[in-house]
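The values are calculated or read from the model by the stated rules, or taken from the named source; none is laboratory data. Keep in mind it's a predicted model, so treat the numbers as computed, not measured. Every residue, glycine as well, gets a Cβ built from its backbone with ideal geometry; the counts of neighbours run over all protein chains shown.
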Amino acid sequence: MRTHNHIIDTKAVKKVVSMLPDFWVVRELTERDYGIDLIAEIFTPAEKDENNHDVYEESGAVFHIQIKGTGDPIKPNADNTIHYSIKKKSLIYFERFSAPFLLFRVDVSTPSKPIYFIWIQRYIIDVLDVETPSWRDDPDDTIVVRIPMHNEVSSSIKKIEKIAFSPKYLEELVEFRELFYWSFFHPYQGALKGEYNEVKKRFSNSIHLAHRMLRMKVLLQQNELFFDRSYIENFINWLGKWALTKKIEDVEPWPDLDEFNAVADIIEERSETQSYIAKHIEGVTVY
């Protein structure tokens with residue numbers, strides 16, 4: 001039997017899919033008992049084809065979607081949020097994922113009504129764990145989440161895309177920090193200890209590691225410090241000049257050391273930096 005709620009669910013899913021860019025790949029799951037209704041894969045603009053049509057390439061960024069539809073108009077609260085009661089066990093399940101999990105609240109009463117969303121894992125970190133740290137042990141089975149009204153899907157595609165890239169961004173930050181250490185700090189410390197000739201034998205490896213930084217597309221596109229591939233290219237050139245010197249005293253100062261240190265240190269203050277930019281510059285929330 002197909003109930004009224006089933007029809008609302010179907011309408012809500014169709015509405016969400018229609019709101020997302022048509023060049024993304026959105027997959028509907030046949031088994032939704034665990035709360036995953038859709039999985040969206042981000043594709044990004046690439047070169048034009050031979051007919052001058054737009055072409056989009058895989059980015060590897062994905063996010064999960066749970067859809068909660070309603071046939072009644074959604075009414076905002078005085079604090080410009082939409083309250084929704086969600087099962088506690090669902091929140092605990094969602095936070096186990098490394099891929100972002102977004103909850104979409106969908107009003108199907110009128111096609112033109114906006115869709116609102118919230119990034120569950122970050123909401124848990126920024127709100128639930130701050131306001132009610134013991135929420136996981138609370139006897140209540142449901143928890144009310146507050147969805148900001150500025151999280152309206154049609155005007156927040158860039159934000160959703162940024163959220164989807166967040167796991168890869170974090171992964172590349174960790175890798176950048178490791179490559180930075182082995183391509184610069186480790187050989188430089190060895191040179192200062194008098195192991196200059198031994199260090200120079202391994203210089204080709206340092207340059208190779210620096211070239212690996214150029215492949216970090218998400219880090220170079222998503223960082224908050226205007227750090228782009230030109231810094232890495234300059235670093236590679238500087239390493240090449242260092243390889244030609246005969247002693248450590250002849251090595252020219254590296255002008256971009258502070259910029260590399262800043263990127264390497266993002267991981268230590270990432271949450272605070274994201275929150276500051278979202279609140280004071282963009283006027284939104286990270287979640």
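Under the condition of being touching a helix residue (DSSP H, G or I) at 6+ places or on another chain (Cβ under 6 Å), not small (Gly, Ala, Ser) and not in a strand (DSSP E or B), the residues counted in region 75-104 number 3.
Once region 23-38 is narrowed to residues that are of a type in the set (Val, Ile, Thr) and within 16 Å of residue 10 (Cα to Cα), the residue that is modelled with the highest pLDDT is 26.
Condition (residue is without any contact (Cβ under 8 Å) to a residue 60 or more places away in the chain, within 22 Å of residue 100 (Cβ to Cβ), of a type in the set (A, V, I, L, M, F, W, C) and in contact with a Leu (Cβ under 7 Å, 6 or more places away or on another chain)) applied to region 136-157: is it met by at least one residue? Looking through region 136-157, at least one residue is without any contact (Cβ under 8 Å) to a residue 60 or more places away in the chain, within 22 Å of residue 100 (Cβ to Cβ), of a type in the set (A, V, I, L, M, F, W, C) and in contact with a Leu (Cβ under 7 Å, 6 or more places away or on another chain).
Yes/no per residue for (1) in a strand (DSSP E or B); (2) among the β-branched types (Val, Ile, Thr); (3) at pLDDT 95 or above:
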| residue | (1), (2), (3) |
| --- | --- |
| 110 | no, yes, no |
| 118 | yes, yes, yes |
| 127 | no, yes, yes |
| 147 | yes, yes, yes |
| 165 | no, no, yes |
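Note on region 174-274: enclosed helices (runs of 4 or more DSSP H) holding 1 or more residues that are surrounded by 12 or more Cβ atoms within 10 Å (Cβ to Cβ) and under 31 Å from the mean Cα position of the chain (by Cα) are 186-192, 203-213, 217-222, 229-244, 257-265. Considering only residues in region 6-23 that are among the β-branched types (Val, Ile, Thr) and under 11 Å from residue 68 (Cα atoms), the one that is surrounded by the most Cβ atoms within 10 Å (Cβ to Cβ) turns out to be 16. Where residues in region 43-64 are assigned to a loop (DSSP other than H, G, I, E, B) and within 26 Å of residue 28 (Cβ to Cβ), which of them is farthest from the chain's Cα centre (by Cα)? Per the criteria, the residue is 54. Could you go through region 119-129 and let me know if any residue there is of a type in the set (A, V, I, L, M, F, W, C), over 16 Å from the mean Cα position of the chain (by Cα), farther than 24 Å from residue 75 by Cα and surrounded by fewer than 18 Cβ atoms within 10 Å (Cβ to Cβ). So far as region 119-129 goes, no, none of its residues is of a type in the set (A, V, I, L, M, F, W, C), over 16 Å from the mean Cα position of the chain (by Cα), farther than 24 Å from residue 75 by Cα and surrounded by fewer than 18 Cβ atoms within 10 Å (Cβ to Cβ).
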